[in-house]
Amino acid sequence: MGVPRVSLPGGVFTMGSDDHYPEEAPRHRVQVDPCSIDATQVTNEQYGAFVKATRYRTVAERPLDPADYPGAPSENLVPGSLVFTPTKGPVDLRHISQWWTWTPGACWSSPEGPGSSVKRRPDHPVVHVAYEDALAYADWAGGALPTEAQWEYAARGGLEGAAYTWGDEARPGGQIMANTWDGPDFPWRSTRESGFVGTAPVGSFPDNGYGLFDMAGNVWEWTSDWWTQRHPDEVDKPCCVPANPRGGRQEDSYDPAQPQFRVGRRVVKGGSHLCADTYCLRYRPAARRPQMIDTGTSHMGFRCVGRSTPLNLEVIS
């Protein structure tokens, strides 16, 4: 019941972008080795098989230690997760807490909290998975989590420097190419042009040049790299292009705006169904953002790469 994997030839490609958000810069060439990657995001059915076989409990299903969350209200120190909640009307987009609700009982099998279930959406991507939850599945499935370079190489599908995974036009010929937020009225009203509100079954939109689905939109995907504020500079000589680059250090990945939380942040890629062009144009291969490793949300998922390449071997600190 595993996810089919696609073999990729590897090679040199241009990573990052100078045209959008500052953390994507600078554009720079890197080399990745041949690898294999899941054709789709891991689904509820596939994650359920892992849980059944191992009796694994995700981070969202475990009690919280008050010592790890100084100042947090006691009512929030129960098993649960963050669930997207549409607002009643237009809001100041600088304050994301307006559309995220801490929901006791929300987890991978109950995405909206108690009373919700994934039974009728077995082919949707699993969500509410923290980094260690994704890593545990990957290990069980004989894989690993991709590096940021591997993920972006795969997402580009062989298109050098294109803005999107399918080319440079957001909607070529008017076609909707990914499960993102429809319309300008985020986070309160969607036009539902795509036919989906929330996650969509994996593979509902066209694949990229490598035969990979949902490398844009649907859910954000974990990578194994620690967050960095920017990419390294381009090298001057073709001989010195970095091979199989990795991200920064855990101690440099902490959120400077929240010094009380010494929680490392990994790079996540791909955007989600909540990416609106007017707010979060991050359903592009170059786009990236940090995610605390202990936090899975209702738009956070993953896919795996094969374990055959040495660069995927990792020790969690």
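The values are calculated or read from the model by the stated rules, or taken from the named source; none is laboratory data. Keep in mind it's a predicted model, so treat the numbers as computed, not measured. Every residue, glycine among them, receives a Cβ derived from its backbone with ideal geometry; neighbour counts consider all protein chains shown. These area figures cover heavy atoms from the full protein model, side chains too; ligands, DNA and RNA do not enter into them. Shrake-Rupley method; radii C 1.70, N 1.55, O 1.52, S 1.80 Å.
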_Placed amide H near residue 6: partners under 5 Å, 5+ positions off or other chain_ = 37, 38, 39
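May I ask you to compute the full-extension gain from residue 93 to residue 263, defined as 0.36 nm times their residue separation minus their alpha-carbon distance, rounded to one decimal in nm? Don't skip to the answer; put the middle values down first.
Numbers: separation 170, 0.36 × 170 = 61.20 nm, distance 2.48 nm.
Net length gain for the segment: 58.7 nm.
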*Just check segment 1-160 against the gyration tensor rule for me: Cα atoms, a ≥ b ≥ c as the square roots of the eigenvalues, rounded for a/c under 1.5, and otherwise prolate or oblate depending on whether a/b exceeds b/c.*
oblate
*asked:* Straight-line reach from residue 119: which lysines fall under 22 Å, measuring Cα to Cα and dropping same-chain residues less than 8 apart?
replied: 52
*asked:* Taking θ = phi - 60°, what integer Hz values does the Karplus form 6.51 cos²θ - 1.76 cosθ + 1.60 yield along segment 212-221, in sequence order, with x for Gly and Pro?
replied: 9, 9, 6, 6, 10, x, 6, 9, 5, 10
_Probe radius 1.4 Å, ligands and nucleic acids ignored: give me the carbon and sulfur share of the accessible area of the chain as a rounded percent._
53
_Whole-number D in µm² s⁻¹ for segment 63-149, Kirkwood Cα-pair radius fed into Stokes-Einstein, 10 °C, 1.306 mPa s_ = 103
*P(r), alpha carbons of the chain - 20 Å bins starting at zero, rounded %*: 33, 61, 6
*Return the sequence-ordered ³J(HN,Hα) values of segment 57-71 in whole Hz as given by the Karplus equation 6.51 cos²θ - 1.76 cosθ + 1.60 applied to θ = phi - 60°, using x for Gly and Pro.*
10, 6, 4, 5, 9, 9, x, 9, 8, x, 5, 7, 9, x, x
*Using modelled amide H (1.01 Å from N, peptide plane; none on Pro or chain starts), what sits under 5 Å from the amide H of residue 179, excluding residues fewer than 5 places away?*
218
*Using only helices, what value at 222 nm comes out for the chain when you add -39,500 (n - 2.57) per DSSP H run of length 4 or more and divide by the total residues, to the nearest 500 deg cm²/dmol?*
-3000 deg cm²/dmol
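Taking a quarter of the surface of the Cα convex hull of segment 192-304, what do you get in nm²?
The number I arrive at for segment 192-304 is 9.4 nm².
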*Which value, in Å² and to the nearest 10, is the accessible area of residue 69 when all protein chains are kept and the probe is 1.4 Å?*
60
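Calculate the tail of P(r) for segment 96-240: the fraction of all Cα-Cα distances greater than 24 Å, expressed in %. Walk me through the numbers on the way to the answer.
On the way: 4762 of 10440 pairs.
When all Cα pairs of segment 96-240 are counted, 46 percent exceed 24 Å.
Scaled to the compact-protein estimate 2.2 N^0.38 Å, what is the alpha-carbon radius of gyration of segment 4-48, rounded to two decimal places?
1.61
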*Just 236, 38, 18 to compare: in a GNM of the chain, with alpha carbon springs under 10 Å, which one fluctuates most?*
236
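Could you rank 240, 107 by how accessible they are, 1.4 Å probe, largest area first?
The ranking, largest first, comes out as 240, 107.
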*With a point put 7 Å past each Cα toward its Cβ, work out how far residue 31 is from residue 102 in nm, to one decimal.*
4.9
*HN-Hα J in Hz across segment 6-12 - Karplus 6.51, -1.76, 1.60, θ = phi - 60°, x for Gly and Pro*: 10, 7, 10, x, x, x, 9
